[in-house]
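Report on one structure; see the data block that follows.
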Amino acid sequence: MKAIKSSSLKKLMLFAKPYRTRFTWVIVFAISLSIFAALRPYLLKQTVDSYISNADKQGLLYYILLMGGVLLLEVISQYYFVYWANWLGQDIVKDIREKLFRHITSFRMKFFDNEAVGRLVTRTVFDIESIARIFSQGLFMIISDLLKMIVVLAFMFYMNWKLTLIVILAMPILLYATRIFQKKMKGAFEEVRAQVANLNTFVQERLTGMKIVQLFNREDIEYEKFKQINKKHNDAWQKNILYNSIFFPIADIISSLTLGFVIWYGGLNILNGDNMTTFGDLFAYTMLISMLFNPLRQIADKFNEMQMGIVASDRVFELLDMEQYIQVPGQQEAGHFNGEIIFENVRFSYIENEEVIKGINLKVEAGETIAIVGATGAGKSTIINLLNRFYEIDSGSITIDGINIYDFTLDSLRKQIAIVLQDVFLFADTILNNITLNEPDITREDVINAAKAIGVHEFIMSLPGGYDYNVKERGVMLSSGQRQLIAFLRAYVSNPSILILDEATSSVDTYSEELIRTATDTITQGRTSIVIAHRLATVVNADKIIVMDKGKIVEQGTHYDLINRETGYYKNLYYSQFAMENTEDGM
């Protein structure tokens, strides 16, 4: 546990380096706070022994004013300590959150295939908020409390060492109870964070897939699952509550008993004529014992915050330390491509030793439009993923204009390749921002001109607000065909060298399909285009058709070459699909 704590804190302190000055001032105010806090009971002792006992009204007034001034300085120190500690903590977590988000966006798609979105949300939002409490409620508060205890003990020994020994004899009992409490809370907080992540993951997935939940009448089933997960979350917190409800009463009892022994022993000394103990000591110790034991008790409470923050930071740094998923960019900036693409003996597997692309050799001429067809799972979309470097190939090479794609920087490579997917993702934003993706170089005028060029301007203007129409989350305010049209426009305004249409004309209505065909004819002119389609009628005019089956290219040629062969995979596929469509029309 200590090693994890030390490692995490060291990493966190690296993020505090840019804020050294603020860090120093937090420590300064923590020191001044402890001195002023411990000074007040001492001044109370002096007031009782020197002025109240001697009926010195003028001296009493002076010391009351002095105590008021010390109290004011304590309040000012407390204000600046708390304010600067929280400010420092928030700036540190801001930097960590930015680094984490940047790190996650640099991961390869393989990482996201195996990681739940809800867990990543927990790491990026909730866990980092817990890290903030390390500084605002944990580390600095513990430092402040420890300093206060040291200063208080120093004052206590200075005033009356006999009474102080009674207090010190009671402290090991409270320290032992605190240590047990810390160990129990460490395990409890780890369980809490795990259950929070499970809860976030479950809710995220069900809200995203709410249409499926309702479509298949799974509301009651999912509700029961949620109740089980929520109960585990509740049980984890119950442990936390149990340990707190046991520890803090014990700490209060120890503190009260110690104070009782001090008053009893000090009172006997006074009654027996011991000049070493005074009434001022008893007054001061009622405050000093509270100031000594409360921080010790609060340190356990603050340690809770530290433990939760450390557990959270372990999870965050686990993500930040992941290097195997980072995409390694090349060094060469990709300019506008001519568009010649060559796959040479390319092999790839999502899962080790389970190849889905098996030694493909393919050449696409510059400016050529090719179509890739085949059954589901043949490897069509995988080829596109490899060209964009969403995944890394196992062996072979992929070149564009004779240069290996691994030599290009990722940004410049992907800037030259535009993809229109079957499942179009739109952000909860305006149509304009979904088209430009907030690219400052693309103006509203550019978007409008592009929309007119591919024939979708009238459709956009028919919507309330036109280009400023908010499509809401995932574009739910638009039909699937309308989302496809937005995706076409998004691809067109980016002026790519290579265009990829991945099932872009499937599942759309007749009107949208006509617009999409017009858009397709426009945006494929003058650039290399790759069209992936199940509906073979949409690829008849392609310059070349690539037929895939089980990760291999089994045929290639024009539609007329392939359809005129006596036997062939494409010919059987085409006529079986044509016959099915005729049957559906007849129905």
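Residues that are over 25 Å from residue 329 (Cα atoms), at least 3 per element: which helices (runs of 4 or more DSSP H) completely within region 42-139 meet that?
Details: elements: 57-105, 109-114, 117-121, 128-133.
Once the helices (runs of 4 or more DSSP H) in region 42-139 are filtered for at least 3 residues that are over 25 Å from residue 329 (Cα atoms), what remains is 57-105, 117-121, 128-133.
Can you tell me which residue within region 177-196, out of those that are crowded, with 16+ Cβ neighbours inside 10 Å and among the β-branched types (Val, Ile, Thr), is farthest from the chain's Cα centre (by Cα)?
Of everything passing the filter in region 177-196, 178 is farthest from the chain's Cα centre (by Cα).
Which condition number in (1) in contact with a Gly (Cβ under 8 Å, 6 or more places away or on another chain); (2) open to solvent by 40 Å² or more (accessible area, probe 1.4 Å) is the one that residue 57 fails?
With (1) in contact with a Gly (Cβ under 8 Å, 6 or more places away or on another chain); (2) open to solvent by 40 Å² or more (accessible area, probe 1.4 Å) applied to residue 57, the lone miss is (1).
Please find, among 246, 263, the residue that is surrounded by fewer than 17 Cβ atoms within 10 Å (Cβ to Cβ) and modelled with pLDDT of 80 or more.
Working: 246 fails: modelled with pLDDT of 80 or more.
Going through 246, 263 in turn, just one is surrounded by fewer than 17 Cβ atoms within 10 Å (Cβ to Cβ) and modelled with pLDDT of 80 or more: 263.
Report whether or not residue 383 is over 29 Å from the mean Cα position of the chain (by Cα) and either of a type in the set (A, V, I, L, M, F, W, C) or assigned to a helix (DSSP H, G or I) (or both). Before you say what the answer is, go through the steps one by one.
Details: over 29 Å from the mean Cα position of the chain (by Cα): yes; either of a type in the set (A, V, I, L, M, F, W, C) or assigned to a helix (DSSP H, G or I) (or both): yes.
Yes.
Any idea which of (1) basic (Lys, Arg); (2) closer than 30 Å to residue 370 by Cα; (3) part of a helix (DSSP H, G or I) is the one residue 347 doesn't satisfy?
With respect to (1) basic (Lys, Arg); (2) closer than 30 Å to residue 370 by Cα; (3) part of a helix (DSSP H, G or I), residue 347 is out only on (3).
Those residues that are among the small types (Gly, Ala, Ser) and open to solvent by 40 Å² or more (accessible area, probe 1.4 Å), I need them from region 31-54; list them, please. Talk me through it step by step, then tell me what you get.
So in region 31-54, the residues among the small types (Gly, Ala, Ser) come out as 32, 34, 37-38, 50, 53.
Passing the criteria: 50, 53.
May I ask you to verify whether residue 179 is out of contact with any Cys (no Cβ under 7 Å at 6 or more places or on another chain) and free of Cβ contacts under 8 Å to residues at least 12 places away in the same chain? Steps first, please.
Details: out of contact with any Cys (no Cβ under 7 Å at 6 or more places or on another chain): yes; free of Cβ contacts under 8 Å to residues at least 12 places away in the same chain: yes.
Against the criterion (out of contact with any Cys (no Cβ under 7 Å at 6 or more places or on another chain) and free of Cβ contacts under 8 Å to residues at least 12 places away in the same chain), residue 179 qualifies.
Within region 354-380, work out how many residues are in a strand (DSSP E or B), of a type in the set (Gly, Ala, Ser) and crowded, with 21+ Cβ neighbours inside 10 Å. So that I can check it myself, show each step before the final result.
Filtering region 354-380 down to residues in a strand (DSSP E or B) leaves 354, 357-364, 369-374.
From the residues that got through so far, the ones that are of a type in the set (Gly, Ala, Ser) too are 359, 371, 374.
Now drop any that are not crowded, with 21+ Cβ neighbours inside 10 Å, which leaves 371, 374.
Total meeting the criteria: 2.
Inside region 418-463, can you point out the residues that are more than 33 Å from the chain's Cα centre (by Cα), surrounded by fewer than 15 Cβ atoms within 10 Å (Cβ to Cβ) and not in a loop (DSSP other than H, G, I, E, B)? Walk me through how you get there before you give the answer.
Step one: of region 418-463, the residues more than 33 Å from the chain's Cα centre (by Cα) are 445-446, 448-463.
Retained after the next criterion (residues that are surrounded by fewer than 15 Cβ atoms within 10 Å (Cβ to Cβ)): 445, 449, 452, 458, 461-462.
Matches in region 418-463: 445, 449, 452, 458, 461.
From 60, 100, 65, 12, grab the single residue that is of a type outside the set (Asp, Glu) and within 24 Å of residue 147 (Cα to Cα). Please lay out each step first, then the result.
Values: 60 fails: within 24 Å of residue 147 (Cα to Cα); 100 fails: within 24 Å of residue 147 (Cα to Cα); 65 fails: within 24 Å of residue 147 (Cα to Cα).
The conditions single out 12.
Across region 532-587, which residue is most open to solvent (accessible area, probe 1.4 Å) among those that are of a type in the set (Asp, Glu) and modelled with pLDDT under 80? Working first, answer last.
From region 532-587, those of a type in the set (Asp, Glu) are 543, 549, 555, 561, 566, 581, 584-585; that's our starting set.
This time we only want the ones that are modelled with pLDDT under 80, so: 566, 581, 584-585.
Numbers: 566: 170, 581: 68, 584: 112, 585: 123 Å².
Among those residues, the one meeting the criterion is 566.
Among the residues of region 414-425, are any under 24 Å from residue 380 (Cβ atoms), modelled with pLDDT of 85 or more and touching a Gly at 6+ places or on another chain (Cβ under 6 Å)?
no
Which of the residues spanning region 127-176 are open to solvent by less than 50 Å² (accessible area, probe 1.4 Å) and under 20 Å from the mean Cα position of the chain (by Cα)?
The answer is 127, 128, 130, 131, 132, 134, 135.
Is it the case, given these coordinates, that residue 351 is within 26 Å of residue 389 (Cα to Cα) and open to solvent by 10 Å² or more (accessible area, probe 1.4 Å)? Don't jump to the end; show me each part of the working.
Details: within 26 Å of residue 389 (Cα to Cα): yes; open to solvent by 10 Å² or more (accessible area, probe 1.4 Å): yes.
So residue 351 passes the test.
Please name all residue pairs, on different chains or six or more residues apart, with Cβ atoms under 8 Å, provided the first residue is in region 111-126 and is open to solvent by 20 Å² or more (accessible area, probe 1.4 Å) and the second residue is aromatic (Phe, Trp, Tyr).
Within 8 Å, the pairs are 113/350; 124/101.
Against the definition (touching a Gly at 6+ places or on another chain (Cβ under 6 Å), more than 30 Å from residue 465 (Cβ to Cβ) and open to solvent by less than 70 Å² (accessible area, probe 1.4 Å)), how does residue 409 come out, yes or no? If you could, list the steps in order and put the result at the bottom.
Working: touching a Gly at 6+ places or on another chain (Cβ under 6 Å): yes; more than 30 Å from residue 465 (Cβ to Cβ): yes; open to solvent by less than 70 Å² (accessible area, probe 1.4 Å): yes.
Yes.
Criterion first (at pLDDT 80 or above, surrounded by 20 or more Cβ atoms within 10 Å (Cβ to Cβ) and closer than 23 Å to residue 365 by Cα) does residue 501 satisfy it?
Against the criterion (at pLDDT 80 or above, surrounded by 20 or more Cβ atoms within 10 Å (Cβ to Cβ) and closer than 23 Å to residue 365 by Cα), residue 501 qualifies.
Sort out which residues of region 11-49 are free of Cβ contacts under 8 Å to residues at least 12 places away in the same chain and within 25 Å of residue 291 (Cα to Cα), and write them in order of number. Explain how you work it out, then say what you get.
Kept after step one, since they are free of Cβ contacts under 8 Å to residues at least 12 places away in the same chain, are these residues of region 11-49: 13-14, 17, 20-21, 24, 28.
Hits for region 11-49 are 24, 28.
Conditions: (1) of a type outside the set (Gly, Ala, Ser); (2) at pLDDT below 80; (3) open to solvent by 80 Å² or more (accessible area, probe 1.4 Å); (4) part of a helix (DSSP H, G or I). Residue 217 meets all but one. Number of the miss?
(4)
Might you let me know whether region 435-450 holds any residue that is within 21 Å of residue 522 (Cβ to Cβ) and touching a Gly at 6+ places or on another chain (Cβ under 9 Å)?
no
Which pairs have Cβ atoms under 7 Å, sit 6 or more apart or on different chains, and link a residue in region 63-79 that is under 20 Å from residue 280 (Cβ atoms) to one that is among the basic types (Lys, Arg) and surrounded by 14 or more Cβ atoms within 10 Å (Cβ to Cβ)?
67/40; 70/40; 71/40
In the list 475, 466, which residue meets the criterion of being over 26 Å from residue 384 (Cα atoms) and open to solvent by less than 30 Å² (accessible area, probe 1.4 Å)? Outline the logic, then answer.
Working: 475 fails: over 26 Å from residue 384 (Cα atoms).
So the residue among 475, 466 that is over 26 Å from residue 384 (Cα atoms) and open to solvent by less than 30 Å² (accessible area, probe 1.4 Å) is 466.
The values are calculated or read from the model by the stated rules, or taken from the named source; none is laboratory data. Worth saying up front: this structure is predicted, and the values here are computed from it rather than measured. Here the Cβ is made from the backbone with ideal geometry for all residues, glycine too, and neighbour counts use every protein chain on show. Side chains are part of the model used for accessible areas, which takes the heavy atoms of the whole protein and leaves out ligands, DNA and RNA. Shrake-Rupley method; radii C 1.70, N 1.55, O 1.52, S 1.80 Å.
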